[in-house]
Each structure stands twice: as structure tokens, then as C-alpha cells.
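Each reported figure results from applying straightforward, stated rules to the coordinates on display, with no laboratory input. On a predicted model such as this, the values are computed, not experimentally measured, just so you know. Neighbour counts are summed over all protein chains in view; Cβ atoms, including those assigned to glycine, are modelled from backbone coordinates with ideal geometry.
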Amino acid sequence: AQSVTQLDSQVPVFEEAPVELRCNYSSSVSVYLFWYVQYPNQGLQLLLKYLSGSTLVKGINGFEAEFNKSQTSFHLRKPSVHISDTAEYFCAVAPGGAGSYQLTFGKGTKLSVIP
Amino acid sequence: EAQVTQNPRYLITVTGKKLTVTCSQNMNHEYMSWYRQDPGLGLRQIYYSMNVEVTDKGDVPEGYKVSRKEKRNFPLILESPSPNQTSLYFCASSPLGALAGGRSTDTQYFGPGTRLTVL
């Protein structure tokens, strides 16, 4: 079984400040990790993903995340946020390797960027 | 234009009345999946399909059925809806590689959502 914990349900941050959204996972097998974004009253979009290789993953809109296997974490970061980054962010995990594509999501973190 | 379409977008129904929410994609993707989104619970996967006639359960499959008879379509069926299935539903599609291996540019495409209310 796999699970995801997003440690903060809401994160307020001032415009142009850095932000980190925290995600920890639990799995008995190797994992693939994902971050998704949902802008207000809109659908979902894949932000970035870690499947293998470099543990630092760059995504769209200037976001990046680092896979830390020893800490079982996949925190999302951005060095300088904009008003347009206000959205809800979801971390997700899938079993690594072929054969299973079951995605388990965290409960989400609402990022509010304050002007 | 690459897209995932869902119908209907909004539906109010009553307990026990069978309904189907359709999902269709025009990108020839192998992988399709259904999610429900509830306040405070985030997103939860209901079912997914890796190709025609290949489906598997997600985290919350109870009360739902799916079928994948054609590659482009992945309908979600509620045989006997109950109020606890009131939710916002999203369908998504992607190449298999978007979730395992594949190109780094492979991504998932989500439908616009279906807001279902069961009275």
C-alpha cells in the first residue's frame, strides 16, 4: 500500500518570496512521484514528475522538486512566487516499475500568494 | 486540438437512478483514469485503464464501474448512486510513459470535470 502526506493544508506567502510545499510518501516498493496544480475553478495540470535519474526535477512555471529517498520526501519549491501561482497543489505517488499505474494523491496544499 | 471531454458537466440526480458519465480523448492515449475530488480529501483515483479491455481499481472503486471497449472512450458508470457519491469527477488520459518511463515530456491531460449531486 502507498500513501502521501502533504504536511501543510494552506500556505500563505508574499509575492516574490520563496515557497516550499512539503510532501512525504510511504511505499513498500520503489516509487514514481508527481506534483499537480489546480488553478481556481479550473481543471488539473501535471506540474512535474520524478520517474528516475536526477533527483532534482524541474517543471513548468519555474517550479522544481527534489526526491529524497532517505527522507521519503518530494518537496516542491519555487524561488520567487507570483500572484498567478495561487492554486491548490497535489502530490501523488505511483508504484515504480511496470505493471501498476495506480495513483495515490495527497489531500492538497492551497498556496495563497499575497500581493 | 488535443483534449479530454466529459459529459455531462453538471448533473443532479436521485438516489438509485443509474447514470453514466462519459469521457473521451482524441490523442490515442493508452492510459485513462477517473478521479473524484472532495473538500478536505483531495483527489482519489477510482479506476484506471492501461488499454482497451484492461482496467484496474484505484483507491476508491466501490459503487463505480468502468469499461474500455474503445481506446478513446472510458465511461464511468454509477449503477445505484448514493448521496456519498456527490463529488467533482475528473477524467484523464496520457501515454503510459507519462506515469512510468517514457519521455519526460509525456504528460497527463485532464477533462474539465463533472459536478455530480445525488439527492
Pairwise FRET efficiency - B:ASN28 versus B:ASN7, Cβ, R0 = 22 Å, nearest 0.05:
0.65
For the stretch A:36-65, list residues with backbone N below 11 Å from a point placed 7 Å from the Cα of B:LEU88 toward its Cβ?
A:38-44
Per residue convex hull volume, Cα only, chain A, in Å³ is 97
Note down, for the protein assembly as shown, the three equivalent ellipsoid semi-axes (square root of 5 times each alpha carbon gyration tensor eigenvalue), biggest first, whole angstrom.
29, 21, 16
Can you pull the Rg over Rh of chain B, Cα-only, Kirkwood?
0.96
Of A:LYS110/B:LYS18; A:LYS69/B:LYS71; A:LYS58/B:LYS69; A:LYS110/B:LYS17; A:LYS107/B:LYS17, those spanning more than 32 Å from alpha-carbon to alpha-carbon
A:LYS110/B:LYS18; A:LYS69/B:LYS71; A:LYS58/B:LYS69; A:LYS110/B:LYS17
Taking placed amide H atoms and a strict 5 Å upper bound, the residues 5 or more places from A:GLU15 or on another chain that come that close are A:ILE114
Dipole-positive endmost among A:THR104, A:ASN61, A:TYR39 within the stretch A:9-115 (Cβ charges, Cα centre):
A:THR104
